Amino acid sequence: MTRKPNKITIAGAGSARTPALIGTLMQRKERFPLSKIIFFDKDLQRFDKIKDYVLLLLKNLSPETEVIITNDMHVAYADTEYVFCQMRVGKNQMRSLDEKVPLKHGLIGQETCGPGGFAYGMRSIRDMTEMVEVVRSYSKDTWILNYTNPAAIVAVAMDYKFPGDKRIINMCDQPYSMMVSFAKILGVNSQDLRAKYFGLNHFGWFTDLYDVNGKNYFEQLYRSIMENGFLPYNAEQRTKSWLDTYQRVAKLMQITDHYIPNTYLEYYFLQEEIVAESDINYTRADEAEQTREKEVWDICAAAVGKEDLEGIEVLTSPVFGAMMMEVAESIAYDLQNEFILMAKNDGLIPNFNPEAVVEVSGKLGKNGVVPDQYPPISTFYKGLMENQYAYERLTTEAYFEKSYSKALQALTLNRTVNTLKKAEAVLNDLRECNKEYWEVE
Ligand code: G6P
Ligand code: MN
């Protein structure tokens with residue numbers, strides 16, 4: 001197989017997810033060869049921790065790839081075909097506040113859902129907008145493959161600011177990750193599974209699951225989760241908070257007709273239980289830093305001063321990196337492979353707001369996402385999704401209009417908040433600690 005090589009930019013290159021992304025690209029370099037890779041981070045000190053490691057992988061496994069490291073957006077975006085975007089505006093320090101500030105008010109403390117997701121969304125919109133503007137000043141053709149969270153709000157905001165730009169692909173690896181876990185439960189190959197799924201990002205439901213030959217697995221899977229609970233495919237490597245999250249899926253199924261809910265829905269239905277179990281002094285940001293991230297930093301440190309890969313573990317990422325690579329591959333070579341991705345509703349779900357950005361199954365090729373058409377949704381899901389979309393949209397408007405009243409409406413509508421008093425209190429606190437990033441008046 002000889003494929004035309006590609007030029008990519010990794011935006012937010014200092015992320016602890018970058019080493020395994022590079023490892024995955026190296027492992028699958030025949031599928032998505034690279035002529036050039038640009039590592040871009042506004043804070044290159046962050047990239048220093050992993051620099052030797054990723055350069056060692058590239059030098060040994062893909063010496064033909066030109067490598068550029070930069071903190072200059074113009075160098076990063078002037079000549080590139082794919083931006084792999086995974087920035088975290090405010091880094092872990094702000095993630096920690098996104099989680100802890102709401103908990104202070106007795107509210108869900110999570111990076112993408114609830115008030116934390118609101119604050120993070122407002123931060124991400126700023127840097128994402130800036131990035132798209134610079135990328136588009138050079139080329140209308142560059143693909144922006146966006147993982148930046150909270151992807152739900154980022155997707156609505158990008159559609160608001162850059163309407164009709166079909167080359168911004170908003171993606172999330174959680175449906176993909178759940179499918180890898182489904183495959184493990186069922187004892188089948190995840191690459192053979194296909195799903196039907198609808199909702200908003202971090203707010204959706206699997207309604208069907210079958211394989212490439214048409215064999216249906218949904219009932220078997222549904223029963224297995226009801227009876228035995230749900231373990232992620234990599235349960236041995238997961239820490240307590242994620243295992244708890246997966247275990248709650250069976251509980252959520254009580255109010256989900258005959259669907260399998262995305263794990264993130266727990267924050268909208270099991271608030272009391274989750275808040276009670278949370279520790280304001282030790283949230284997921286702390287846990288991720290001390291476990292998932294520390295392991296990466298340690299492996300990368302071993303690469304300093306090395307010339308070859310002897311004794312070096314090549315990190316790979318069966319979900320985040322795999323999906324990113326497969327999405328890019330499907331676009332680059334017009335493969336029309338199936339993914340669960342975000343797309344403007346525009347009638348896909350006929351009885352739901354056409355303006356919303358939904359997350360549904362669909363195909364991906366050289367012209368972007370071709371989403372599947374869905375049947376009308378029933379009252380429960382419609383009610384939930386209209387409410388949640390209104391929250392996403394008001395957050396977007398609050399950012400661009402710098403509007404306090406829209407921010408307050410957004411938070412009051414959010415199912416994890418629901419009262420004006422709590423919305424006001426948490427907004428005032430978040431506003432204070434996000435001063436450098438966004439303002440509302
Ligand atoms: C899943 C979600 C991502 C999220 C990540 C957090 O993969 O789809 O949106 O960023 O989990 O993982 P962490 O280990 O940082 O808590
Ligand atoms: Mn996600």
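The values are calculated or read from the model by the stated rules, or taken from the named source; none is laboratory data. Source: prediction; values computed, not measured. So basically every Cβ, Gly included, is an ideal-geometry build from the backbone, and we count neighbours across all protein chains shown. When the accessible area is computed, the model is the full protein with side chains, heavy atoms only, and any ligands, DNA or RNA have been set aside. Shrake-Rupley method; radii C 1.70, N 1.55, O 1.52, S 1.80 Å.
Taking the criterion of being more than 15 Å from the chain's Cα centre (by Cα) and either within 16 Å of ligand 2 (Cβ to nearest atom) or open to solvent by less than 10 Å² (accessible area, probe 1.4 Å) (or both), the residues of segment 104-115 that qualify are Leu107, Ile108, Gly114, Pro115.
Working only within segment 159-182, note down all residues that are within 16 Å of ligand 1 (Cβ to nearest atom) and under 21 Å from Gly117 (Cβ atoms). Scanning segment 159-182 gives Ile169, Asn170, Met171, Cys172, Asp173, Gln174, Pro175, Tyr176, Ser177, Met178. For segment 367-374, the criterion of being in contact with a helix residue (DSSP H, G or I) (Cβ under 6 Å, 6 or more places away or on another chain) and either within 18 Å of Arg393 (Cβ to Cβ) or touching a residue at least 12 places away in the same chain (Cβ under 8 Å) (or both) is met by no residue.
Reported count of residues in segment 246-274, each being among the polar types (S, T, N, Q) and open to solvent by 10 Å² or more (accessible area, probe 1.4 Å), is 3.
Only helices (runs of 4 or more DSSP H) whose full extent lies in segment 246-323 are considered here, and the ones with at least 1 residues that are over 25 Å from Pro115 (Cβ atoms) are 294-301. If you check Glu401, Glu392 for being among the acidic types (Asp, Glu), under 30 Å from Lys104 (Cα atoms) and surrounded by 23 or more Cβ atoms within 10 Å (Cβ to Cβ), only one passes: Glu392. When each of Asn351, Asn428 is tested for being at pLDDT 95 or above, among the polar types (S, T, N, Q) and in a helix (DSSP H, G or I), the lone residue that passes is Asn428. Selection of segment 63-78 for residues being surrounded by fewer than 17 Cβ atoms within 10 Å (Cβ to Cβ) and in contact (Cβ under 8 Å) with a residue 60 or more places away in the chain yields His74, Ala78.
Tallying residues that are farther than 19 Å from Phe269 by Cβ and assigned to a helix (DSSP H, G or I) within segment 226-245 yields 6. Set side by side, the residues Ser278, Ser317 differ, and just one is among the hydroxyl-bearing types (Ser, Thr, Tyr), open to solvent by 20 Å² or more (accessible area, probe 1.4 Å) and touching a helix residue (DSSP H, G or I) at 6+ places or on another chain (Cβ under 6 Å), which is Ser278. Selection of first residues in segment 170-185 that are modelled with pLDDT of 95 or more and of second residues that are within 15 Å of ligand 2 (Cβ to nearest atom) and aromatic (Phe, Trp, Tyr), restricted to Cβ pairs under 7 Å at least 6 apart or on distinct chains, gives the following pairs, ordered by first then second residue: Met171/Tyr147; Asp173/Phe320; Gln174/Tyr264; Pro175/Tyr197.
Checking each residue in segment 257-291 for being within 16 Å of ligand 2 (Cβ to nearest atom) and either touching a strand residue (DSSP E or B) at 6+ places or on another chain (Cβ under 6 Å) or under 27 Å from Trp205 (Cβ atoms) (or both) picks out Pro261, Asn262, Thr263, Tyr264, Leu265, Glu266, Tyr267, Tyr268, Arg284, Ala288. Just wondering, is there one or more residues in segment 81-103 that are open to solvent by 40 Å² or more (accessible area, probe 1.4 Å) and among the aliphatic types (A, V, I, L, M)? Yes, because at least one residue in segment 81-103 is open to solvent by 40 Å² or more (accessible area, probe 1.4 Å) and among the aliphatic types (A, V, I, L, M). How many residues are open to solvent by less than 10 Å² (accessible area, probe 1.4 Å) and within 12 Å of ligand 2 (Cβ to nearest atom) if we restrict to segment 121-155? Residues flagged as open to solvent by less than 10 Å² (accessible area, probe 1.4 Å) and within 12 Å of ligand 2 (Cβ to nearest atom) within segment 121-155 amount to 7.
The set of residues in segment 327-342 that are part of a helix (DSSP H, G or I), within 18 Å of the chain's Cα centre (by Cα) and more than 16 Å from ligand 2 (Cβ to nearest atom) contains only Ala328.
So that you can scan it fast, the table gives a plain yes or no per residue for (1) at pLDDT 95 or above; (2) farther than 30 Å from Glu277 by Cβ; (3) part of a helix (DSSP H, G or I):
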position	(1), (2), (3)
Ile69	yes, yes, no
Val75	yes, yes, yes
Asp79	yes, yes, no
Val83	yes, yes, no
Asn92	yes, no, yes
Ser96	yes, no, yes
Val101	yes, no, yes
Ile108	yes, no, no
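Restricting the search to strands (runs of 3 or more DSSP E) fully inside segment 165-225 and requiring at least 2 residues that are over 19 Å from Tyr374 (Cβ atoms) gives 168-170.
The single condition among (1) among the β-branched types (Val, Ile, Thr); (2) buried (at least 21 other Cβ atoms within 10 Å of the Cβ); (3) touching a helix residue (DSSP H, G or I) at 6+ places or on another chain (Cβ under 7 Å) that Val360 does not meet is (3). Within segment 203-237, the set of residues being touching a helix residue (DSSP H, G or I) at 6+ places or on another chain (Cβ under 8 Å), open to solvent by 10 Å² or more (accessible area, probe 1.4 Å) and within 19 Å of Asp173 (Cβ to Cβ) comprises Leu231, Tyr233, Ala235. Sub-7 Å Cβ pairs linking a first residue in segment 219-245 that is farther than 13 Å from Ile185 by Cα and in contact (Cβ under 8 Å) with a residue 12 or more places away in the chain to a second residue that is among the hydrophobic types (A, V, I, L, M, F, W, C) and within 16 Å of ligand 1 (Cβ to nearest atom), at least 6 apart or interchain, are Leu243/Ala235, ordered by first then second residue.
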